[in-house]
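Q: Let me begin by handing over the structure; questions about it come next.
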Amino acid sequence: MNKLDQLRSEINKIDEEMAKLFVKRMNVVEKIAKYKQSTGMEVLDTAREKVVIEENSRRVSDEKLKKYYVEFLEGNMEISRSYQKAILGLDKVVGYQGIPGSFSYLALKTKYKDELLNSYHNFEDVFIALKNKEIEVGVLPIENSYTGDITDNFDLIKKYNAYIIDIIELKIDHNLLGIKGSKLSDIKEIYSHIQGFKQSQTFLKGRGYKEIPYYNTAISAKYVSEMKDITKGAIGSAETARIYNLDILAKNINTHEENTTKFMVIGNKLIVNKNHNRIMVAFSTYNKSGDLSSVLGKFSRYGINMLSIKSRPLKDSPWEYVFFVELEGNYNTLKPSIEEIEKKSKYFEVIGSYEK
Ligand SMILES: O=C(O)C(=O)C[C@]1(C(=O)O)C=C[C@@H](O)C=C1
């Protein structure tokens with residue numbers, strides 16, 4: 001046996017012991033994952049990871065090895081987290097449009113805390129990523145209580161045969177943000193999406209700020225943080241301020257307290273769960289007089305509460321429309337009536353089931 005073979009056989013023995021310890025550790029990790037799930041705790045616990053690193057790296061007295069051991073521990077815990085997420089079904093990739101701090105990001109974070117996130121430039125890219133199985137779910141805005149429907153996303157649900165599997169409502173809080181150390185009186189120009197200005201009109205009026213419309217609120221906050229100029233401000237949420245290390249100079253500047261945006265979570269198939277109490281259907285009629293009212297009449301005849309209706313033009317048939325109707329109830333209970341209504345329609349599809 002040459003020297004290398006000798007050393008390798010030593011490594012083999014060590015690896016053998018480490019494999020046993022690895023399995024032992026992962027078995028405990030599995031129990032932790034289940035405990036965390038039952039108590040509603042998050043997988044990632046940064047405070048605990050800090051303790052693990054501090055206590056264990058003290059055991060390595062050789063200073064030149066210490067930093068490699070810290071890397072080893074970090075890698076170990078990363079593997080442990082991804083194993084926990086796989087056990088708990090949290091190893092999903094979630095797609096959204098925008099950048100960290102955007103409203104879509106803030107909305108998805110209320111539901112998906114540990115998942116991997118993919119960000120996309122525009123709404124359609126999220127649908128394409130879903131179709132290509134690059135992501136398991138996508139989070140997209142559909143309606144703002146102040147500005148109304150985000151119609152593009154309704155067209156895209158149909159174009160890409162996506163399904164609504166959940167709805168997230170996010171209360172939008174606008175604040176005036178500036179770089180660390182700036183004061184309200186320093187601000188001369190403000191960057192924001194045009195909606196940020198519109199929705200904060202009462203606060204902004206008469207203060208003499210130069211309003212500079214920008215791509216969106218998160219990009220505005222990022223830009224202001226990079227410019228490091230005390231005269232520049234942005235409009236954004238408290239979480240966006242935290243992400244871009246900005247100070248809140250004026251809190252809750254939106255004119256309407258109840259400014260809320262509704263987001264849909266989209267997936268590749270319809271999932272019906274017994275807790276669901278809403279369905280979304282899409283249909284078109286034969287474009288004959290009385291056809292629409294006959295379909296709508298059926299909903300009331302079967303005692304189905306219609307919560308909202310939106311219409312969008314059918315792009316390939318001028319002057320024909322597809323209607324999106326949100327209904328109250330569980331799909332399994334409503335199914336027989338829905339099937340009757342389907343017979344009256346030219347096109348009919350259940351495109352969402354979720355819980356309100
Ligand atoms: O102790 C926990 O809370 C764990 O989930 C285990 C563990 C680890 O592998 O040591 C993994 C993830 C946490 O971020 C912290 C530590």
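Q: Select from 107, 19, 238 the residue whose mean-square fluctuation is largest in a Gaussian network model of the chain (Cα-Cα springs shorter than 10 Å).
A: 19
Q: Given the options 53, 110, 84, identify the residue whose Cα lies farthest towards the positive end of the charge dipole of the chain (+1 on Cβ of Lys, Arg; -1 on Cβ of Asp, Glu).
A: Value computed over the given set: 110.
Q: Of the accessible area of region 132-207, with the probe set at 1.4 angstrom, what percent is carbon plus sulfur?
A: Of the solvent-accessible surface of region 132-207, carbon and sulfur hold 47 percent.
Q: Working out 0.36 nm times the residue gap between residue 301 and residue 88, then minus their Cα-Cα distance, what length gain in nm do you get to one decimal?
A: 72.4 nm
Q: Continuing with this model, one more query. Take residue 183, project a point 7 Å from its Cα along the Cβ direction, then tell me which residues of region 205-244 have their backbone nitrogen under 16 Å from it.
A: Only 230-232 pass the distance filter.
Q: Among 31/274; 315/346; 133/269; 50/85; 85/113; 288/335, which pairs are too far apart, with a Cα-Cα distance over 22 Å?
A: Exceeds cut-off: 31/274; 288/335.
Q: If you don't mind, there's one more thing I want to ask. Quick one: Karplus J couplings for region 324-336, per residue in order, coefficients 6.51, -1.76, 1.60, θ = phi - 60°, nearest Hz, x for Gly and Pro?
A: After applying 6.51 cos²θ - 1.76 cosθ + 1.60, I find 10, 10, 9, 10, 8, x, 9, 4, 4, 6, 7, 3, x Hz.
Q: How much net charge surrounds residue 95 when only the other residues with a Cβ under 15 Å from the Cβ of residue 95 are counted, with Lys and Arg +1 and Asp and Glu -1?
A: -2
Q: Right, something else. Given H placed 1.01 Å from N in the peptide plane, which residues other than close sequence neighbours of residue 346 have an amide H under 5 Å from its amide H?
A: Long-range HN contacts for residue 346: 284, 285, 286.
Q: If you don't mind, there's one more thing I want to ask. Just the ratio, please: alpha-carbon radius of gyration of the chain over 2.2 N^0.38 Å, N its number of residues.
A: Normalised Rg, Cα atoms only: 1.29.
Q: Moving on. For n ≥ 4 DSSP H runs only, could you compute -39500 (n - 2.57) per run for the chain, divide by its residues and tell me the 222 nm figure to the nearest 500?
A: So the calculated ellipticity at 222 nm is -13500 deg cm²/dmol.
Q: Which far-off residues, 5 or more places away or on another chain, put their amide H under 5 Å from the one on residue 250, with H placed in the peptide plane?
A: 176
Q: Springs between alpha-carbon atoms under 10 Å, Gaussian network over the chain: tell me which of 276, 193, 121 tops the mean-square fluctuations.
A: For the chain, modelled as a Gaussian network with Cα springs under 10 Å, the answer is 121.
Q: Separate question: Let me check against my output: what whole-number percent is the relative contact order of region 175-250, with C-alpha pairs under 8 Å and at least 6 apart?
A: Relative contact order of region 175-250: 52 percent.
Q: Oh, and also: Under the 0.36 nm per residue contour assumption, what length would be gained going from the current alpha-carbon distance of residue 269 and residue 69 to full extension?
A: Value of the extension gain: 67.5 nm.
Q: Take the chain, connect every pair of alpha-carbon atoms lying under 10 Å apart with a spring to form a Gaussian network, then pick out the residue of 101, 303, 236 with the largest mean-square fluctuation.
A: In this elastic network of the chain, the residue with the biggest mean-square fluctuation among 101, 303, 236 is 303.
Q: Restricting to Cα pairs below 8 Å that are 6+ residues apart, what does the relative contact order work out to for the chain? Please round to a whole percent.
A: The value is 16 percent.
Q: Let me ask something else about it. Taking amide H positions as placed 1.01 Å from N in the peptide plane, with prolines and chain starts having none, which residues 5 or more places from residue 259, or on another chain, fall under 5 Å of its amide H?
A: The list, which skips near neighbours in sequence, is 172.
Q: What distance in nm lies between label points placed 7 Å from Cα along the C-beta direction at residue 38 and residue 155?
A: Modelled inter-label distance: 5.1 nm.
The values are calculated or read from the model by the stated rules, or taken from the named source; none is laboratory data. Note that the structure is predicted; figures quoted are calculated from it, not measured. Heads up, the Cβs are rebuilt from the backbone with ideal geometry, glycines too, and the neighbour counts pull from every protein chain shown. Protein only, heavy atoms only, side chains kept; ligands, DNA and RNA dropped before computing areas. Shrake-Rupley method; radii C 1.70, N 1.55, O 1.52, S 1.80 Å.
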